[in-house]
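Student: Have a look at the structure that comes next, please.
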Amino acid sequence: MASIVHVVSVKGLEGDMESVAVFSSYSKARFFVRKYKISTWAIECLEVDVDPNDSEDGE
């Protein structure tokens with residue numbers, strides 16, 4: 001099963017783009033950018049494969 005995530009990247013101190021947050025929707029990612037008044041940013045839309053049989057607690 002695949003899921004879409006939106007990764008917000010900002011320009012770091014050395015001029016490179018660095019990922020700082022991940023959201024489930026584009027509108028939430030844009031809200032984050034506006035809330036923190038980030039001037040140099042990018043939002044990437046990525047498809048992530050999710051295994052429903054894989055749990056986070058290791059069981």
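Student: Do you know which of the residues in the stretch 13-24 that are of a type outside the set (Phe, Trp, Tyr) and in contact with a strand residue (DSSP E or B) (Cβ under 8 Å, 6 or more places away or on another chain) is least open to solvent (accessible area, probe 1.4 Å)?
Tutor: It comes out as Ala21.
Student: Residues of the stretch 25-41 being modelled with pLDDT under 95 and small (Gly, Ala, Ser), which ones?
Tutor: Ser39
Student: Test Ile4 against the stated conditions and say whether it is modelled with pLDDT of 90 or more and in contact with a Leu (Cβ under 8 Å, 6 or more places away or on another chain).
Tutor: Answer is yes for this residue.
Student: I'd like the full set of residues that are under 8 Å from the mean Cα position of the chain (by Cα) and open to solvent by 60 Å² or more (accessible area, probe 1.4 Å), limited to the stretch 25-44.
Tutor: Glu44
Student: Name the one entry in Glu18, Glu14, Glu47 that is touching a Lys or Arg at 6+ places or on another chain (Cβ under 9 Å) and of a type in the set (D, E, K, R).
Tutor: After applying the criteria, what remains is Glu18.
The values are calculated or read from the model by the stated rules, or taken from the named source; none is laboratory data. Computed from a predicted structure; not experimentally measured. Don't worry about glycine lacking a Cβ; one is built from the backbone with ideal geometry, like all the others, and counts go over all protein chains shown. Ligands, DNA and RNA are excluded from the accessible area calculation, which covers all protein heavy atoms including side chains. Shrake-Rupley method; radii C 1.70, N 1.55, O 1.52, S 1.80 Å.
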